[in-house]
Amino acid sequence: MATSEFPTQKEGSEAFLQETTVVVFVLGGPGSGKGTQCPKIVEHFGFRHLCAGDLLQAEIDSGSENGTMIQNFKKEGKIVPSEITVKLLQQAMQQSDNKRFIIDGFPRNEENRAAFENIVRIKPEFVLFFDCPEEELTKRILNRKQGRVDDNIETIGKRLKVYFESTLPVINYYNSKGKVQKIDAQRSIEEVFEDVKSAFAKLKPVARVGINEIM
Ligand code: ADP
Ligand code: C5P
Ligand code: MG
């Protein structure tokens with residue numbers, strides 16, 4: 001807060017965003033079904049879906065000054081510096097009328113998690129975790145056929161290593177806070193969504209949530 005008695009316009013809008021926003025992080029290995037389940041959550045529960053990987057891809061496609069660097073990180077299965085990803089997420093959140101977000105593929109590591117907490121200053125309501133064995137992840141990614149630069153056997157190995165070494169610790173962190181809803185993702189899309197629905201049903205309906213109750 002500024003020294004003045006009144007918040008600046010920026011501080012005021014940030015505070016408003018923090019008070020009225022609901023965030024659910026959606027995590028799981030590459031190919032675990034995050035991008036398949038999120039549109040169903042949007043349809044059933046009215047959230048806005050933000051996919052960190054898609055926002056980064058949009059930066060590449062737009063020819064932005066960071067595009068080449070992001071593309072190189074993606075090809076290597078590496079995690080892009082958090083400052084870039086968090087800025088993209090924050091912009092998308094500020095531009096959205098809908099203030100209930102499912103954020104897919106984020107936070108991927110401890111640096112992502114801390115940066116979001118320090119910059120956006122919103123804690124997730126819960127973390128949806130799609131648990132899926134490595135063999136199934138590899139099989140699904142190789143069958144994805146969407147022309148992604150990172151869906152090849154060499155990059156998949158690197159992405160899985162990053163997932164086990166950097167993302168699982170973040171999931172464990174949230175688990176230690178009692179925030180993880182773990183879902184067995186090695187079943188049909190419909191069966192997985194049944195469990196997803198149960199996880200979201202525990203949230204209070206938005207119409208009955210007062211601003212002060214959310215935080
Ligand atoms: P993620 O976003 O977690 O990387 P996707 O949702 O893109 O994963 O899914 C990876 C691939 O696996 C896609 O081709 C998708 O159609 C397929 N897929 C997703 N969920 C299932 C499932 N429950 N069973 C079988 N295939 C699935
Ligand atoms: O989630 P998705 O598989 O689409 O992510 C693709 C790639 O985008 C990752 O392998 C990584 O290079 C980058 N990414 C990132 N940080 C995130 C999410 C994705 O660097 N939080
Ligand atoms: Mg995805």
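Test Gly77 against the criterion of being small (Gly, Ala, Ser), in contact (Cβ under 8 Å) with a residue 60 or more places away in the chain and farther than 25 Å from Lys202 by Cα, and give yes or no. Here the answer is yes, as Gly77 does meet what is asked. Listed by first and then second residue, the pairs with beta-carbon distance under 6 Å, at least 6 apart or on different chains, first residue in segment 186-205 and within 15 Å of Cys38 (Cβ to Cβ), second more than 16 Å from ligand 3 (Cβ to nearest atom) and part of a helix (DSSP H, G or I), are Phe200/Phe45.
Restricted to helices (runs of 4 or more DSSP H) entirely inside segment 73-169, those with at least 1 residues that are at negative phi, of a type in the set (Ser, Thr, Tyr) and at pLDDT 95 or above are 82-95, 134-144, 153-162. Among the residues of segment 42-62, just one is buried (at least 22 other Cβ atoms within 10 Å of the Cβ) and within 12 Å of ligand 1 (Cβ to nearest atom), namely Ala52. One residue stands out among those in segment 170-185 that are among the basic types (Lys, Arg) and in a loop (DSSP other than H, G, I, E, B): the one that is farthest from ligand 2 (Cβ to nearest atom), which is Lys177.
Filtered by the rule that a residue be among the hydrophobic types (A, V, I, L, M, F, W, C), under 13 Å from the mean Cα position of the chain (by Cα) and closer than 17 Å to Leu27 by Cα, segment 89-114 gives Leu89, Phe101, Ile102, Ile103, Phe106. With respect to (1) out of contact with any Gly (no Cβ under 9 Å at 6 or more places or on another chain); (2) of a type in the set (Phe, Trp, Tyr); (3) within 13 Å of ligand 2 (Cβ to nearest atom), the lone exception for Phe101 is condition (3). Being closer than 28 Å to Asp184 by Cα, more than 15 Å from ligand 3 (Cβ to nearest atom) and touching a strand residue (DSSP E or B) at 6+ places or on another chain (Cβ under 7 Å) is a condition met by no residue of segment 51-71. Among the residues of this structure, Ala201 does not count as one that is surrounded by 12 or more Cβ atoms within 10 Å (Cβ to Cβ) and more than 13 Å from ligand 2 (Cβ to nearest atom). Checking each residue in segment 32-50 for being away from ligand 3 (no atom under 13 Å from the Cβ) and assigned to a loop (DSSP other than H, G, I, E, B) picks out Gly46, Phe47.
The values are calculated or read from the model by the stated rules, or taken from the named source; none is laboratory data. Remember, it's a predicted structure, so these values are computed and weren't measured experimentally. Neighbour counts are summed over all protein chains in view; Cβ atoms, including those assigned to glycine, are modelled from backbone coordinates with ideal geometry.
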